[in-house]
Amino acid sequence: MESSEIGRGEGQQTGTGSAAQGDAAWTLPEAMTGRASPAKAAVGDKPVFAYIASLPQPQRSIAEAVDALAAKTLPDLQRSVKWGMAYYGVGDGWCFSCGGFAGHVKLMFINGAALAPVPPVTPVGMGKSTRGVELESVDDIDELRISAWMKQVASVPGVGGKKR
């Protein structure tokens, strides 16, 4: 897939899933509105895996593929759920997030404006330098490009981390 093809089209669909902490059904939001899901903030692999498992298809498969790519790309990967999305980091800061939304999954890179090439999507409400991609299917994942971005963003201080 060419980098210009990374992203999502015009189609929107509403997905539902169950929250990772309970049986309450929830609807995936259309866009960034402060939280992606009712998943509670927690550090570690288990809460992230529970969050991903709570997503409806195809978002679950996309998030699973992104998580697997992150684990393969960054050996010292750390996971957390923050603001209703999965966050990933290396060392002492968070580098990127992955969250399920109606019709797509947002993969957002903190300090993404400094990546080469710069990811095409500028999200609302995630900071001036955050950039990323919106993935509608597993086929939208350009592993070479996304793993390169993961490596680049992990090489600079993440949110909440010390200056390197």
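Report yes if some residue within region 54-63 is hydrophobic (A, V, I, L, M, F, W, C), touching a strand residue (DSSP E or B) at 6+ places or on another chain (Cβ under 8 Å), modelled with pLDDT under 85 and within 21 Å of Pro120 (Cβ to Cβ); otherwise report no. If you could, list the steps in order and put the result at the bottom.
To start, the set of residues in region 54-63 that are hydrophobic (A, V, I, L, M, F, W, C) comprises 55, 62-63.
Narrowing further to those that are touching a strand residue (DSSP E or B) at 6+ places or on another chain (Cβ under 8 Å): 55, 62-63.
Those left that are additionally modelled with pLDDT under 85: none.
No: region 54-63 contains no residue that is hydrophobic (A, V, I, L, M, F, W, C), touching a strand residue (DSSP E or B) at 6+ places or on another chain (Cβ under 8 Å), modelled with pLDDT under 85 and within 21 Å of Pro120 (Cβ to Cβ).
Let's see how each residue does on (1) under 19 Å from Gly158 (Cβ atoms); (2) within 13 Å of the chain's Cα centre (by Cα); (3) not in a strand (DSSP E or B):
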position	(1), (2), (3)
Ala53	no, no, yes
Asp67	yes, yes, yes
Trp94	yes, yes, no
Gly100	no, yes, no
Met108	yes, yes, no
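Is it true that Ser18 is surrounded by 13 or more Cβ atoms within 10 Å (Cβ to Cβ) and modelled with pLDDT under 75? Against the criterion (surrounded by 13 or more Cβ atoms within 10 Å (Cβ to Cβ) and modelled with pLDDT under 75), Ser18 qualifies. Could you list, in sequence order, all residues of region 69-88 that are buried (at least 19 other Cβ atoms within 10 Å of the Cβ) and assigned to a loop (DSSP other than H, G, I, E, B)? Residues satisfying the conditions are Leu74, Gly84. Evaluated against (1) assigned to a loop (DSSP other than H, G, I, E, B); (2) surrounded by fewer than 16 Cβ atoms within 10 Å (Cβ to Cβ), Pro123 falls short on exactly one condition, (2). Considered as a group, the residues in region 29-51 that are outside any helix (DSSP H, G or I) and among the basic types (Lys, Arg) include one that is modelled with the highest pLDDT, and that residue is Lys40. In this structure, does Ile62 turn out to be over 21 Å from Pro157 (Cα atoms), surrounded by 20 or more Cβ atoms within 10 Å (Cβ to Cβ) and of a type in the set (A, V, I, L, M)? Criteria met by Ile62. Among the numbered conditions (1) within 24 Å of Ala41 (Cα to Cα); (2) modelled with pLDDT of 95 or more; (3) not hydroxyl-bearing (Ser, Thr, Tyr), the only one that His104 does not meet is (2).
Exactly one residue out of Val118, Val133 is β-branched (Val, Ile, Thr), modelled with pLDDT of 90 or more, crowded, with 18+ Cβ neighbours inside 10 Å and not in a helix (DSSP H, G or I), and it is Val133.
Quick grid of which residues meet (1) of a type in the set (Ser, Thr, Tyr); (2) more than 22 Å from Ser54 (Cα to Cα):
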position	(1), (2)
Gly93	no, yes
Lys106	no, no
Ala113	no, yes
Pro120	no, yes
Gly125	no, yes
Ser129	yes, yes
Gly132	no, yes
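Suppose the filter is closer than 27 Å to Pro58 by Cα and without any contact (Cβ under 8 Å) to a residue 40 or more places away in the chain; does Arg145 pass it? It is false that Arg145 is closer than 27 Å to Pro58 by Cα and without any contact (Cβ under 8 Å) to a residue 40 or more places away in the chain.
Among the candidates Val66, Val118, which residue alone is farther than 19 Å from Ser129 by Cα and β-branched (Val, Ile, Thr)? Before you say what the answer is, go through the steps one by one.
Details: Val118 fails: farther than 19 Å from Ser129 by Cα.
After applying the criteria, what remains is Val66.
Restricting attention to region 58-87, the residues that are without any contact (Cβ under 8 Å) to a residue 40 or more places away in the chain and hydroxyl-bearing (Ser, Thr, Tyr) total 2.
The values are calculated or read from the model by the stated rules, or taken from the named source; none is laboratory data. Just so it is clear, the model here is predicted, and its values are computed rather than measured. Backbone-built Cβ (ideal geometry, glycine too); neighbour counts: all protein chains shown.
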